[in-house]
Amino acid sequence: MKAPLRLLILVAVTVLAADQVTKYLAVSRLTNALDGQEGLARVTGFLAERNLDNDPPPVDGPRRVSRPHRFIEDYWHFRYVENPGAAWGLFGNLPEGVRKAFFHVVSLAALAFIFLMYRRTEVEQRLVRVALALITGGALGNFVDRLIRGYVIDFIDWHWRNQPGMRWPTFNVADAAICVGVAFMLLDSLRVRRPQPVAAPLTQSPNP
């Protein structure tokens, strides 16, 4: 029996909402982009906010003031970063028009592929279904960023005492959901599957 779409929609929407809410908090707490705005204006300001390098600077000063928060000193900080590329900043140096088109096509193709994979799963493949739903939500979260702004907002900074080579690339909730989903997929692939017992064919009783 094929799996219904309820789980995919529920998990993906939850991840998307968590991702965008935490990115809003990152912009509002770690930068000056929304300073002076109140109420609904802060939300609309977040949705309409862009920080492109080729835009002229505003008259009231720099568009970004970094206000990092040290959650766990020497290990875990919250630091605002704009990533125009993929993971580890890959393809971030491409021309803006080429970069946007490339990531839009790749993101839509990936989402379509994940959807087809989910539709082919069976109801009993719960771990795979949750994994694909997490990956879908993460991909949607970063796709919304690229669609609105042309870059992805990252803010979670893990490192080890600022040692060279001991810093994980800054990431966000969408990235974390994708990584957890991939880990679930790998875990499912390592599970030992017992062969299903084959039902014995029914024998017809001899006629009396």
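One table, with the values for the structure above:
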item: For the stretch 178-183, 3J(HN,Hα) per residue [Karplus equation, 6.51 cos²θ - 1.76 cosθ + 1.60, θ = phi - 60°, Hz, x = Gly/Pro]; result: 5, 5, 5, x, 5, 4
item: The stretch 98-150 - percent of accessible surface contributed by carbon and sulfur, probe 1.4 Å; result: 72 percent
item: Under Karplus coefficients 6.51, -1.76 and 1.60, residue-wise ³J(HN,Hα) of the stretch 131-142 in Hz, glycine/proline x; result: 4, 5, 5, 5, 5, 4, x, x, 5, 5, x, 6
item: Accessible area per residue in Å² at 1.4 Å probe, computed on the stretch 111-157; result: 39 Å²
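The values are calculated or read from the model by the stated rules, or taken from the named source; none is laboratory data. Everything numeric here is computed off the predicted structure, so don't read it as measured data. Please note that ligands, DNA and RNA were not included when accessible areas were found on the heavy atoms of the full protein model with its side chains. Shrake-Rupley method; radii C 1.70, N 1.55, O 1.52, S 1.80 Å.
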